[in-house]
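Quick notes on the structure that follows.
The values are calculated or read from the model by the stated rules, or taken from the named source; none is laboratory data. Remember, it's a predicted structure, so these values are computed and weren't measured experimentally. Because the Cβ atoms are built from the backbone with ideal geometry, glycine has one as well, and the counts that use them run over all protein chains shown. Surface areas here come from the heavy atoms of the whole protein model, side chains and all, with no ligands, DNA or RNA. Shrake-Rupley method; radii C 1.70, N 1.55, O 1.52, S 1.80 Å.
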Amino acid sequence: MRLLRHLGKLLKEFFGFAMDNKAWWIIPIIVILLIITILIVATSTLAPFIYPLF
């Protein structure tokens with residue numbers, strides 16, 4: 001739970017930075033990095049359950 005709170009604060013700070021400095025190019029980079037991170041974590045947790053099927 002604490003991790004999600006810290007992640008929320010970090011994202012809020014990134015978006016605040018982008019709005020204050022008009023650095024809109026940083027938002028797609030952050031979104032893509034978050035998606036890649038979620039895919040890596042989801043794949044690594046599901047891999048041990050998929051291997052016995054083959």
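Here is a list: Ile35, Ile50, Ile40. Which entry is at pLDDT 90 or above and not aromatic (Phe, Trp, Tyr)?
On the way: Ile50 fails: at pLDDT 90 or above; Ile40 fails: at pLDDT 90 or above.
Every option except Ile35 fails the conditions.
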Checklist entry - Quick one: Lys9 ticks every box in (1) open to solvent by 100 Å² or more (accessible area, probe 1.4 Å); (2) under 12 Å from the mean Cα position of the chain (by Cα) bar one, so which box is it? => result (2)
Next on the checklist: Taking the condition of being part of a helix (DSSP H, G or I) and either in contact with a strand residue (DSSP E or B) (Cβ under 9 Å, 6 or more places away or on another chain) or surrounded by fewer than 10 Cβ atoms within 10 Å (Cβ to Cβ) (or both), how many residues in region 12-54 meet it?
Outcome noted: 12
